[in-house]
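Take a look at the structure below.
Nothing in this text is a laboratory measurement; each read-out follows from the coordinates by a stated rule. The model shown is predicted, which means the values in this text are computed figures rather than measured ones. Cβ: placed from backbone, ideal geometry, glycine included. Neighbour counts: every protein chain shown.
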Amino acid sequence: MKHQTLEQLQAIADVKPLAQSPVMTRRQRIERWAELLERHPGRCLGALAGTERLRLDARQAARADGSPISVALEDPLLKAAGLRNDTYGEALRFFELSDWQLHEIVCSCHVGATMQGKWAAARVRRTVNGSRFLAWLRTLLLH
C-alpha cells in the first residue's frame, strides 16, 4: 500500500469526508441505552465491583466483561455518537451521569456479581425519569 496525501488522492478520486457523527441529546443517549438493555431482559450482565471504594483513577478505568456499559458499547449508533469504550469513566462522560447515578446502575453492591438486563434498564431509565417517589415528593412540596 502506498501512502498518499489527501491532495494526491483528490487528484485521482472523489474524496468525501465521513458522515458526521449523529448528534444525540443526553436523554436520547440514555434512552437508547435503556432500550438496548430491554431487548434482552433476561441477559445476565456483569456488575462492577465496589465502585464506591475505588480510588478515582481506578474507578475511571473500572470495567467488567458483559456489563451494562458493554451493552452500550456494542451499539453502532452510540459508538458513532462518541462512546469510546466500556469503562466507568467513559460512561460518566458520555451519558453525562453523576458518579452516584452510574454507581446505582452498575455497582455490585446493589445486585451482587450479576444482574438481568431488565433490572439494569430500569435503573438506567430512572436516571432520566427520576424515581416516582421523588417526583411525588417534589409535587407535594411545590404545591
Open item on the list: Distance between the C-alpha centers of the stretch 79-101 and the stretch 21-75? Whole Å please.
Closed with: 8
TODO: Determine ³J(HN,Hα), in whole Hz, for all residues of the stretch 33-44 in sequence, where each value follows from phi through the Karplus function 6.51 cos²θ - 1.76 cosθ + 1.60 and θ = phi - 60°; x replaces Gly and Pro.
DONE: 4, 4, 4, 4, 5, 6, 4, 10, x, x, 4, 7
Open item on the list: Can you tell me the length gained on complete extension of the stretch residue 25 to residue 129, counting 0.36 nm per residue apart and subtracting the Cα distance?
Closed with: 36.0 nm
Open item on the list: Suppose each label sits 7 Å from its Cα in the direction of the beta carbon; what would the residue 55-residue 38 distance come out to in nanometres?
Closed with: 4.1
- [ ] Pop a pseudo-label 7 angstrom from the Cα along the beta-carbon direction at both residue 14 and residue 118 and give the gap in nm to one decimal.
- [x] 5.1
TODO: For the stretch 66-80, just list the computed ³J(HN,Hα) in residue order, Karplus coefficients 6.51, -1.76 and 1.60, θ = phi - 60°, integers in Hz, with x standing in for Gly and Pro.
DONE: x, 7, x, 5, 4, 4, 5, 5, 5, 7, x, 5, 5, 5, 5
TODO: Assuming a ≥ b ≥ c are the square roots of the Cα gyration tensor eigenvalues, decide whether the stretch 22-142 counts as rounded (a/c under 1.5), prolate (otherwise, with a/b larger than b/c) or oblate.
DONE: rounded
